[in-house]
């Protein structure tokens, strides 16, 4: 086994169960005799020890600032049924949260560090599990994970692997990064969220096919939608739009720059509310659409894609959030509600709130925070890994 030795006093974070070892904490790496390479291959399993030789745990080695993603602590071996054990534990978390019902046939089964499986995401849509690897180690284990998903006997018949956009682009990887690992479910597939049906595109859609992390926030919007004129910006497949319609909105406008997304919104609305004249969808760039919407909407949703995917982009991202929110706050009707979000992991909730505060100050309108929002319970946050809280949201009342 390859052994990673840490510098003195660098083991403290691992003793507190933080799942990352940073490259700067490593003193040396000991390779086995006759090892064919001069350094560990990305994705290999390594044992991590303190400078004094104490076993701290075992994890996947990777190239970059995060050098090891920990799979287990206080041991130098993994049990033969490791994947099955972790998947069953994660499943039980979702059961305890009441998320797996006849009215909810789509949910996140594995949320990386939140489920002690860093680098792995698994989303369930009916009988299909869609798996994404965010680390080479999880990519190398994809077949064992796929087998464990079906061996849990919860009704999963198909496993689709979708990691083209999530794996490190510099890694020299063997094998396909996209395709069916188990079974095959071609064509349009429908799944339920809180009794509403949505079309899932495993192969061509963003993420794994749907944004599951907003389930609770969509339900909250439904509560506020009665009799309101609603604008859903960056609508993607129209989750907020469909909930607003069920909540009794007077009209709902969905906007996304992607024609394909707009087509999906229309299909989802038609599936749940056939021939409903309250809804219109527009394929248009966000700032262009919002250039002149003065007093047209009582409720606006801003759920943009990540403005900052790494720390270097933080400054520009915060300016973008300020500009976007100012545009909405300036033009929303008196007494209106703004649901505003950031899914950028590089932007913490305090920085996002400051950007929204700056936008409000710019407009000189009185603004109150009614709710502070984050991802749903099937996207759990490991208490030892606060970086896992990536989705931030505010519901604002605007005088």
Q | Hits in the stretch 212-241 (condition: more than 24 Å from residue 122 (Cβ to Cβ) and part of a helix (DSSP H, G or I)) | A | 220, 221, 222, 223, 224, 240, 241
Q.
Here's a check for you: in the stretch 307-332, which residue that is out of contact with any strand residue (DSSP E or B) (no Cβ under 8 Å at 6 or more places or on another chain) and not in a helix (DSSP H, G or I) is modelled with the lowest pLDDT?
A. 308
Q: Restricting attention to strands (runs of 3 or more DSSP E) lying wholly within the stretch 147-211, give those where 1 or more residues are surrounded by fewer than 17 Cβ atoms within 10 Å (Cβ to Cβ) and on the phi > 0 side of the Ramachandran plot.
A: 178-182
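Of the residues in the stretch 216-238, how many are within 22 Å of residue 287 (Cβ to Cβ) and at pLDDT 95 or above?
8
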Q.
Filter the stretch 24-43 down to the residues that are surrounded by 13 or more Cβ atoms within 10 Å (Cβ to Cβ) and under 12 Å from residue 4 (Cα atoms) and list them by number.
A. 25, 26, 27, 29, 30, 31, 40
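Could you tell me whether any residue of the stretch 76-88 is within 14 Å of residue 26 (Cα to Cα) and in contact with a helix residue (DSSP H, G or I) (Cβ under 6 Å, 6 or more places away or on another chain)? Walk me through how you get there before you give the answer.
Narrowing the stretch 76-88 to residues within 14 Å of residue 26 (Cα to Cα): none.
No, there is no match, as no residue in the stretch 76-88 is within 14 Å of residue 26 (Cα to Cα) and in contact with a helix residue (DSSP H, G or I) (Cβ under 6 Å, 6 or more places away or on another chain).
The values are calculated or read from the model by the stated rules, or taken from the named source; none is laboratory data. Predicted model only: the values in this text are computed from it and were never measured. Neighbour counts run over all protein chains shown; Cβ positions are idealised from the backbone, glycine included.
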